[in-house]
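The values are calculated or read from the model by the stated rules, or taken from the named source; none is laboratory data. Predicted, not measured: the structure shown is a model, and the values here were computed from it. Don't worry about glycine lacking a Cβ; one is built from the backbone with ideal geometry, like all the others, and counts go over all protein chains shown. These area figures cover heavy atoms from the full protein model, side chains too; ligands, DNA and RNA do not enter into them. Shrake-Rupley method; radii C 1.70, N 1.55, O 1.52, S 1.80 Å.
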Amino acid sequence: MIVVTGATGNVGRSLVQALARADEKVTATSRRVSDADLPDGVRARPADLTDAGSLRSVLDGADALFLQNGGADAHRLDPGQILVAARDGGVRRVVLLSSQGVVTRPESASHGGVGRVIEDAVRRSGLDWVILRPGGFDSNAYAWAESVLAQRTVTAPFGDVGLPTVDPDDIAEVAAATLREDGHAGRVYELTGPALNTPRQSAGALAEALGEPLRFTEQTRDEARAQLLRFMPEPVAETTLAILGEPTPAEQRISPDIERVLGRAPRTFADWAHRHVAAFR
């Protein structure tokens, strides 16, 4: 049995579907997961990553664990206790969804520091481990849905700065492969899209998927900062703006790891836009 944490998120939801299609026995867990969220045959078990004790019954009898890094609650996780519960439940393999920021922003508590603590716990767990380090997600474009629906406008800072954003479905497919296949233990995979993609180019790809023009409005850094501070702490907002506006060479590097694992090139942002265009109509 494979346990998927964060099962209702961008990656977890797609991973559960991929494993179900492969006829794996899957338990999906998150704080508010229910059978209605899941494919037929997948077991829903609500639990909270910040409460390792709540995971013990979920992990009992499992062979493998997909461990989401906790997102905004990462600082509240006790990864050591989660991994003890996993090992006690019978888990032999853990695949961690980490972040590129662990290596590109090690000085950032939000992007590097907490992530490194979780990665180190996984490495010390005694389990076969795989670490996935994606960069920015294509699905971050959902933040544009409201302005596209209301005004046919995309508003973003740093309109001509490119990053190799990655499709969450590609992350999920790599996770499924590493959970199911031998030969990946002890590997760290950096997951990116196939090319640098700027906000202006993304807006163009979304317009093409919609079949109608969109206006691109470039925010100043201060305007973008004020918007981010509505839903994230200041240190996280500052690091996010630094990545978007002044990415390091490592953050702009296009990784071959998705193709290495899956035997195909990663999907483009345009692919993502066409599959999810209904959210912007």
Legend entry - Label point at R187 placed 7 Å out along Cα→Cβ; residues across segment 114-132 whose backbone nitrogen lies under 18 Å: 123, 127-132
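When ligands, DNA and RNA are left out and all protein chains stay put, how many square angstrom of accessible area per residue does the chain have with a 1.4 Å probe? Walk me through the numbers on the way to the answer.
Values: 12800 Å² over 281 residues.
In whole numbers, the chain has 46 Å² accessible per residue.
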Legend entry - Relative contact order of the chain, pairs being alpha-carbon contacts under 8 Å that are 6 or more residues apart, as %: 17 percent
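Can you list, largest first and rounded to whole Å, the semi-axes you get for the chain by taking the square root of 5 times each eigenvalue of its Cα gyration tensor?
Working: eigenvalues 200, 86, 65 Å².
Over the Cα atoms of the chain, the ellipsoid semi-axes are 32, 21, 18 Å.
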Inset, instruction - Tell me the label-point distance for the pair Y142, E218, using the 7 Å Cα-to-Cβ offset, in nm and rounded to one decimal. - result: 2.8 nm
Inset, instruction - Quick one: angle between helix 79-89 and the longest Cα principal axis of the chain, in degrees between 0 and 90, rounded to 10, please. - result: 40 degrees
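Ignoring ligands, DNA and RNA, please state the percent of accessible area on the chain from carbon and sulfur, probe 1.4 Å. Don't skip to the end; give the middle numbers.
On the way: 6170 of 12800 Å².
Carbon-and-sulfur percentage of accessible area, whole number: 48.
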Inset, instruction - Can you pull the one-decimal nm distance between simple spin-label points at S57 and D120, each 7 Å off the Cα toward Cβ? - result: 3.4 nm
Legend entry - Sites D73 and K25 - FRET efficiency at Förster radius 35 Å, r taken between beta-carbons, to 0.05: 0.80
Legend entry - Computed label-point distance, nm, for sites T248 and A150 using a 7 Å Cα→Cβ extension: 3.7 nm
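Any idea what the relative contact order of segment 165-281 is, in percent, if you count C-alpha pairs under 8 Å spaced at least 6 apart? Don't skip to the end; give the middle numbers.
On the way: 96 pairs, mean separation 56.4, N = 117.
Rounded, it is 48 percent for segment 165-281.
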